[in-house]
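The values are calculated or read from the model by the stated rules, or taken from the named source; none is laboratory data. Since the model is a prediction, treat every value here as computed from it, not as a measurement. Cβ sites come from the backbone with ideal geometry, for glycine too, and all protein chains shown count toward neighbours. Heads up: the accessible areas ignore ligands, DNA and RNA and are worked out on the full protein's heavy atoms, side chains in. Shrake-Rupley method; radii C 1.70, N 1.55, O 1.52, S 1.80 Å.
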Amino acid sequence: MEFSRKVKIAPSILSADFANFGAECRAIEDQGADWVHVDVMDGHFVPNLTFGPAMCAAIRPHIRGVMDVHLMISPVDQYLEAYAKAGADVISAHLEAGPHVHRTLQAIKGLGKKAGLAINPGTGIEAVPYLLDLVDVVCVMTVNPGFGGQKLIESAYDKVRALRAMIGDRPIHIEIDGGVTNDNAGALVKAGADVLVAGSTVFKGGSVMKPEVYGANIAALRAAAEG
Ligand code: DX5
Ligand code: ZN
């Protein structure tokens, strides 16, 4: 994974056809997706349940590029190795998932993976400077995690600007997750984001039978993001 601040579109397969993940992953990559975002939920840290490591391992051969695994689970440490073995390139854990996020990030790096630090809308970023040496991606949650199709929480813009200033020249991505649309993508990138997760915005109206709709949705989002 070469570092670049160029805008990357990361469709969340939470909005894909759950009966057809392999074909959905191939379709979004063929249609221009940069990263494939996989939302792992445990029904405890967030009020929804999704994918285990076996599912991630099963879709891995269908993803040519970056598999970006967002763990919305607590506790998280005992599952990191399984998601690493499943082939994740980026593993993001939540700042709120436990008292020892520094140890969690060390463990992800120790597994040879890019480490993501996900931060809920209601959580401040005071701890981030103490974690930056271990972080490759800061994932700013712009909705309360658990479900796709929610509206972006506006207070996120200030948080993104503050993070961007904190990060300076370090090779750390700022990823936005939740409620990204063609209407807010430009402002998010101006504020400092370079990875845009998008579920509904990418998958709406399309299917593996109509993949060109994914292509049009990704192209429109990228154009909006690049302003
Ligand atoms: C929310 C997930 C998001 C979500 C984004 O818990 O982490 O990745 O699927 O979906 P949209 O883009 O529909 O808000
Ligand atoms: Zn996510």
Quiz item: So which of E154, E126, E212 is in contact (Cβ under 8 Å) with a residue 60 or more places away in the chain and out of contact with any Pro (no Cβ under 6 Å at 6 or more places or on another chain)?
Solution: E212
Quiz item: Can you tell me which residues in segment 1-17 are basic (K, R) and either within 22 Å of A27 (Cβ to Cβ) or open to solvent by less than 40 Å² (accessible area, probe 1.4 Å) (or both)?
Solution: K8
Quiz item: Within segment 140-153, is there a residue that is at pLDDT 95 or above and not in a loop (DSSP other than H, G, I, E, B)?
Solution: yes
Exercise. Keeping to segment 79-125, report how many residues are within 17 Å of the chain's Cα centre (by Cα) and β-branched (V, I, T).
Key: 4
Practice problem: Among what's in segment 131-175 and is open to solvent by 10 Å² or more (accessible area, probe 1.4 Å) and among the polar types (S, T, N, Q), pick the residue that is farthest from ligand 1 (Cβ to nearest atom). | Solution: S155
Quiz prompt | Filter result for E2 (of a type outside the set (A, V, I, L, M, F, W, C) and modelled with pLDDT under 95) | solution = yes
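Yes or no, residue by residue, for (1) charged (D, E, K, R); (2) in contact with a Cys (Cβ under 7 Å, 6 or more places away or on another chain); (3) under 18 Å from I9 (Cα atoms):
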site	(1), (2), (3)
H102	no, no, no
K114	yes, no, yes
G124	no, no, no
P129	no, no, no
V138	no, no, yes
S155	no, no, no
R161	yes, no, no
G168	no, no, no
Exercise. Go through K113, K109 for me and flag whichever is touching a Phe, Trp or Tyr at 6+ places or on another chain (Cβ under 9 Å), more than 16 Å from ligand 2 (Cβ to nearest atom) and farther than 28 Å from A19 by Cβ.
Key: K113
Quiz item: Any idea which of (1) under 22 Å from A16 (Cα atoms); (2) crowded, with 23+ Cβ neighbours inside 10 Å; (3) touching a Lys or Arg at 6+ places or on another chain (Cβ under 9 Å) is the one V213 doesn't satisfy?
Solution: (2)
Quiz item: For the subset of segment 190-203 comprising residues that are more than 11 Å from ligand 1 (Cβ to nearest atom) and under 15 Å from the mean Cα position of the chain (by Cα), which member is surrounded by the fewest Cβ atoms within 10 Å (Cβ to Cβ)?
Solution: D194
Practice problem: Among the residues of segment 60-96, count how many are farther than 30 Å from E126 by Cβ and more than 15 Å from ligand 2 (Cβ to nearest atom). | Solution: 10
Self-check item: Residues located in segment 127-139, provided they are in contact with a His (Cβ under 8 Å, 6 or more places away or on another chain) and not in a strand (DSSP E or B)
Solution: Y130, L131, L134, D136
